[in-house]
Amino acid sequence: MAVAHRTFVCQACGAGHRKWAGQCEACGAWNSVTEEAPRERAPKGLGAKRGRALDLQTLASAAPPPPRLPTGMPELDRVFGGGLVPGSALLLGGDPGIGKSTLALQAAAALAGRGAACVYLSGEEAVDQVRLRAGRLGLAGATMALAAATNVGDIITTLEGGKRVDFVVVDSIQTMYLEQIDAAPGTVGQVRAAAHELIRWAKRQGAVVLLIGHVTKEGLIAGPRVLEHMVDTVLYFEGERGHQFRILRAVKNRFGATDEIGVFAMSDRGLEEVANPSSLFLGQRREDVTGSAVFAGIEGTRPILVEIQALVAPAPPGTPRRAVVGWDSGRLAMLLAVLDARCGLALGTSDVYLNVAGGLRISEPAADLAVAAALVSSLAAVPVPATTVVFGEVGLSGEVRPVSQMDARLKEAGKLGFRRAITPPGPALAGIERFEIGALSDLVDRIRGPRRKGSGHG
Ligand code: TYD
Ligand code: MG
């Protein structure tokens with residue numbers, strides 16, 4: 001392989017190119033290919049030079065797993081899988097301004113409060129700014145070491161020279177650089193090399209390094225794919241800027257489940273943990289409005305109830321608008337097609353807007369039936385009763401399929417005062433009244449009432 005000759009690197013996906021190109025052949029991004037200094041040439045092969053024999057081990061181990069470092073913030077520890085693992089590297093990605101620095105500072109303060117030695121390195125803010133923020137968060141008393149630094153050589157020397165360090169925040173990896181590399185900070189080459197050095201230090205010392213990374217508007221951490229496989233855990237901090245809710249989600253975790261989420265609310269005193277997300281997500285709901293349905297979902301191991309809002313409006317001539325926040329637009333297109341083909345609802349000429357309230361992003365297919373309920377409710381101008389939750393997966397033939405963890409969903413709904421559930425057929429807990437729906441057309445009938453041809457509703 002002639003990898004070493006390639007000096008043009010796509011900043012979006014990290015692919016190498018022999019010459020400059022306006023579009024990256026690998027990922028299709030435009031204007032993302034920039035020149036970088038070549039990496040060291042790879043050796044031709046082993047030749048006569050052989051390494052030493054490795055000490056191969058058995059799968060069974062007598063040594064207990066290393067103790068985890070819990071932060072004591074339950075929403076954070078849940079996402080980590082029970083606490084931080086010594087000798088590991090984490091990447092925290094998210095849009096600028098979403099609250100990454102705030103979260104990292106609060107995590108460091110929480111760990112420091114439990115006796116861990118924490119260092120916060122900021123490449124974006126001066127030490128005074130970090131102090132100011134800590135003051136605003138009520139963390140001025142936390143014992144941690146601060147520095148404004150971007151030179152990775154200096155950072156490693158500092159970390160190795162002093163006392164034991166358990167947890168280091170690097171804010172952000174895009175501002176860090178190695179003098180040895182002839183490229184600007186933030187380029188793939190620099191980001192990769194800086195992360196590599198910092199991660200190696202963490203593994204050597206048995207410390208935890210948290211790298212903060214900004215997401216580009218395309219939804220990628222700049223130079224990020226290369227980082228995702230270098231670190232043990234990839235976390236995304238999401239939320240709508242105008243909303244107070246923030247969701248921390250693990251998209252990769254070598255030490256825990258990846259579908260757990262942590263829910264926070266941004267307040268004037270920083271990020272507050274939300275122990276009972278359902279009640280908050282439903283807090284601002286107005287009852288008995290049309291186009292609204294409450295979905296009983298599962299995020300990780302935890303049931304979460306959330307309101308789904310739909311607005312179906314007559315469209316002016318031309319292509320109707322489809323706008324989706326918090327759900328997959330392809331999935332919406334499928335559901336609209338099924339409602340059209342199997343239930344005879346002509347949505348093809350209407351504008352359709354769909355919103356998951358509170359800034360949550362749902363990826364579960366179980367949301368299909370709740371989305372359908374909100375759509376039908378808006379179209380028929382009939383509210384779904386406020387004490388009803390909905391869940392179920394919808395197939396292309398309009399059938400409603402069972403989903404996992406029915407009992408957990410129903411139990412959470414019951415706990416929050418819901419009295420009825422529209423669900424797929426199948427055995428489930430008693431306790432709340434259940435309407436089993438086998439086909440999407442049954443849902444339509446249930447919401448707007450069965451209609452005869454030609455009759456209006458009213
Ligand atoms: P920040 O952590 O700086 O975001 P990031 O590091 O992801 O760029 O958070 C910035 C936003 O958070 C800023 O717009 C103000 C808001 N914020 C609060 O609302 N309350 C607070 O206590 C703090 C510290 C920030
Ligand atoms: Mg920041």
Does any residue of the stretch 310-331 turn out to be in contact (Cβ under 8 Å) with a residue 60 or more places away in the chain, crowded, with 21+ Cβ neighbours inside 10 Å and more than 28 Å from Gly256 (Cβ to Cβ)?
yes
Would it be correct to say that Ala381 is surrounded by fewer than 16 Cβ atoms within 10 Å (Cβ to Cβ), out of contact with any Lys or Arg (no Cβ under 7 Å at 6 or more places or on another chain) and hydrophobic (A, V, I, L, M, F, W, C)?
yes
Among the numbered criteria (1) at positive phi; (2) away from ligand 1 (no atom under 16 Å from the Cβ), which single criterion is violated by Gly239?
(2)
For the stretch 431-440, does any single residue satisfy the condition of being modelled with pLDDT under 90, within 16 Å of Ala296 (Cα to Cα) and of a type outside the set (Lys, Arg)?
yes
Please verify whether Leu103 is within 10 Å of ligand 1 (Cβ to nearest atom) and out of contact with any Phe, Trp or Tyr (no Cβ under 6 Å at 6 or more places or on another chain), treating the condition exactly as stated.
yes
I'd like to check something: does the stretch 356-367 contain any residue that is over 25 Å from Phe245 (Cβ atoms) and either touching a residue at least 60 places away in the same chain (Cβ under 8 Å) or of a type in the set (Ser, Thr, Tyr) (or both)?
no
Would you pick out the residues in the stretch 114-129 that are more than 10 Å from ligand 1 (Cβ to nearest atom) and of a type outside the set (Ser, Thr, Tyr)?
Arg114, Gly115, Ala116, Ala117, Cys118, Val119, Leu121, Gly123, Ala126, Val127, Asp128
Scan of the stretch 125-158 for residues that are away from ligand 2 (no atom under 16 Å from the Cβ) and small (Gly, Ala, Ser), ordered by number
Gly135, Gly138, Ala140, Gly141, Ala142, Ala145, Gly153
Does Leu121 count as of a type outside the set (Asp, Glu), more than 10 Å from ligand 2 (Cβ to nearest atom) and within 19 Å of Val208 (Cβ to Cβ)?
yes
Spans of helices (runs of 4 or more DSSP H) in the stretch 182-286 with at least 2 residues crowded, with 20+ Cβ neighbours inside 10 Å and more than 16 Å from ligand 2 (Cβ to nearest atom)
188-205, 277-281
Scanning for something surrounded by fewer than 10 Cβ atoms within 10 Å (Cβ to Cβ), part of a loop (DSSP other than H, G, I, E, B), modelled with pLDDT of 80 or more and of a type outside the set (Ser, Thr, Tyr), does the stretch 12-20 turn up at least one residue?
yes
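The values are calculated or read from the model by the stated rules, or taken from the named source; none is laboratory data. These numbers were taken from a predicted model, which means no experiment stands behind them. Because the Cβ atoms are built from the backbone with ideal geometry, glycine has one as well, and the counts that use them run over all protein chains shown.
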